[in-house]
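Presented below is the structure to which this report refers.
We did not get these values from a lab; they are worked out from the coordinates using the rules stated. Note that the structure is predicted; figures quoted are calculated from it, not measured. Quick reminder, even Gly has a Cβ in these numbers, built from the backbone with ideal geometry, and neighbours come from all protein chains shown.
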Amino acid sequence: MIPFVDLKTQYLSIKDEIDTAVLKVLDSTQFILGSEVAALEAEFANYSQASFGIALNTGTSALHLALLAAGIGAGDEVITIPMTFVATTAAICYTGATPVFVDIDPVTYTIDVTQIEQAITGRTKAILPVHLYGQSADMDPILEIARRHNLVVIEDAAQAHGAEYKGRRVGSIGDIGCFSFYPGKNLGAYGEGGMAVTNNPEYDQTMRMLRDWGQEKRYHHVLKGYNYRMDGIQGAILRVKMRYIEAWTEARIACAANYNELLAESGLGLPSALPHNRHVYHIYAVRSPQRDALQQSLQAHDIQTGIHYPIPVHLQKSYSELGHKVGDFPHSEAVANEVLSLPMYPELPIESQTQVAKAIISSIR
Ligand SMILES: *Cc1c(COP(=O)(O)O)cnc(C)c1O
């Protein structure tokens with residue numbers, strides 16, 4: 001069987017360091033926040049070329065607090081894409097604001113920057129691009145539009161640790177960047193985790209207070225806050241994994257290059273990484289009008305695949321109140337119907353990739 005991801009192999013490759021780090025936290029009893037989490041904040045902010053990192057319990061919390069720190073709430077509109085994980089939209093709704101969708105670019109699957117301006121109204125407060133699958137959105141035009149309309153830019157970088165746009169790391173290009181450390185993400189905790197990064201000291205202070213009940217100091221609650229703190233054990237685990245993130249990212253990029261070569265003649269749509277981007281391949285998705293048949297055929301070869309995502313958010317029942325229908329965002333809908341995510345993780349053996357490619361080519365014939 002070729003799994004879609006393999007967390008066990010990675011754990012075994014760093015088991016001694018992880019086990020030692022976890023035991024150290026148990027011994028210190030710094031179970032929530034604490035010195036390991038503080039050190040992780042500094043290290044991950046530095047990795048993302050940002051001044052500040054605020055460690056949180058999930059990536060969803062990072063999005064929620066980023067929006068709150070930017071002053072977004074009821075009556076405001078936030079522009080984002082419907083072709084994303086539901087958390088992007090959910091976080092906007094948590095604040096009371098309304099998500100306003102813009103379709104994706106059919107080549108990169110990130111926000112179509114040519115459609116942003118027509119979605120801006122007097123209520124628009126922020127643009128929330130998603131670096132889908134690990135490739136940066138086209139940030140320069142987004143920043144330029146934001147500057148002209150006085151909007152905040154919040155990056156959903158949950159799938160894009162270490163991704164770059166024109167030589168700059170994502171997360172620190174806009175006003176606030178939001179990362180997830182869900183176990184299957186490119187940098188994954190052994191439980192839930194997330195982080196917001198920013199260069200703005202005010203946003204940093206606000207998010208730091210909001211994650212811990214809005215306290216300025218103990219029991220002095222100056223804001224209505226949340227319990228969004230990171231566990232000490234997750235901080236320690238993530239610090240160990242930070243030592244390997246670059247090697248793992250390079251391994252993902254090499255896997256993608258190998259798939260590109262193996263599948264060049266397959267007739268499938270392959271991922272398009274723009275030359276000015278460092279795509280970190282959280283997901284390697286191929287595209288085919290016969291996607292479901294292809295998935296079944298790979299399943300029959302004992303090859304696990306995924307679909308990210310089969311239903312765009314504007315067609316989800318939970319967001320029917322937004323009033324959208326089939327046809328509103330045609331590129332998002334086409335991608336949702338046609339993409340198939342192939343096995344992708346840093347330790348994926350080259351022979352497995354060859355097997356995947358062979359199975360794909362034989363099923364297409
Ligand atoms: C994973 C993910 C999130 C949410 O992160 P959690 O840590 O699971 O809360 C948000 N946006 C995108 C695009 C994601 O992939």
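Pairs of C-alpha atoms in the stretch 12-60 farther apart than 17 Å represent 49 percent of all such pairs.
Find the relative contact order for the chain and round it to a whole percent, using C-alpha pairs within less than 8 Å whose residues are 6+ positions apart. Dividing the mean separation by the residue count of the chain yields 22 percent. Note that the chain, at 20 °C in a medium of 1.002 mPa s, gets a Stokes-Einstein diffusion coefficient of 102 µm²/s from its Kirkwood radius over C-alpha pairs. Straight-line reach from LYS166: taking Cα to Cα under 16 Å and skipping same-chain neighbours fewer than 8 places apart, the aspartates and glutamates in range are ASP138, ASP140, GLU144, GLU155.
Computed 3J(HN,Hα) for the stretch 247-253, one whole-Hz value per residue from the Karplus formula 6.51 cos²θ - 1.76 cosθ + 1.60 where θ = phi - 60°, is 4, 5, 5, 4, 5, 4, 5, glycine and proline marked x.
Annotation for the stretch 229-276: trypsin sites (Lys or Arg not before Pro) lying in DSSP loop with at most 15 further Cβ atoms inside 10 Å of their Cβ are ARG243. The orientation-averaged projected area of the convex hull spanned by the Cα atoms of the stretch 245-364 comes to 8.9 nm².
Sequence-ordered 3J(HN,Hα) estimates for the stretch 279-288 from the Karplus curve with 6.51, -1.76 and 1.60 and θ = phi - 60° stand at 7, 9, 6, 4, 10, 10, 10, 9, 10, 8 Hz, glycine and proline given as x. Close amide H contacts of TYR284 (hydrogens built in the peptide plane, cut-off under 5 Å, sequence separation of 5 or more or a different chain): LEU342. Scanning the chain for chymotrypsin sites (Phe, Trp or Tyr not before Pro) that sit in a DSSP loop and have at most 13 other Cβ atoms within 10 Å, the longest stretch containing none of them is 32-218. DSSP beta bridges fully contained in the chain are about 65 percent antiparallel.
All Cα-Cα distances of the stretch 1-97, cut into 5 Å bins from zero to the largest, leave 3, 10, 13, 14, 16, 17, 12, 9, 5, 1, 0 percent in each bin in turn. Database remark: amide H of THR98 closer than 5 angstrom to the amide H of GLY75, ASP76, GLU77, VAL78 (H placed geometrically; neighbours at sequence offset of 5 or more, or on other chains; Pro and chain starts carry no H).
Sequence-distant contacts, meaning Cα pairs under 8 Å at least 6 residues apart, place the relative contact order of the stretch 168-248 at 23 percent.
Amide H contacts for ARG229 (H built 1.01 Å from N in the peptide plane; partners 5 or more residues away or on another chain; cut-off under 5 Å): ASN57. Taken one residue at a time, the phi angles of the stretch 179-194 give Karplus couplings (6.51, -1.76, 1.60, θ = phi - 60°) of 10, 10, 10, 3, x, x, 6, 4, 10, x, 7, 9, x, 8, x, x Hz. Gly and Pro are set to x.
Here LYS24 is the anchor, and the lysines within straight C-alpha reach of less than 25 Å, apart from those fewer than 8 places off in the same chain, are LYS8, LYS15, LYS185, LYS241. Summing +1 for each Lys or Arg and -1 for each Asp or Glu among the other residues whose beta-carbon sits under 11 angstrom from that of LEU348 gives -2.
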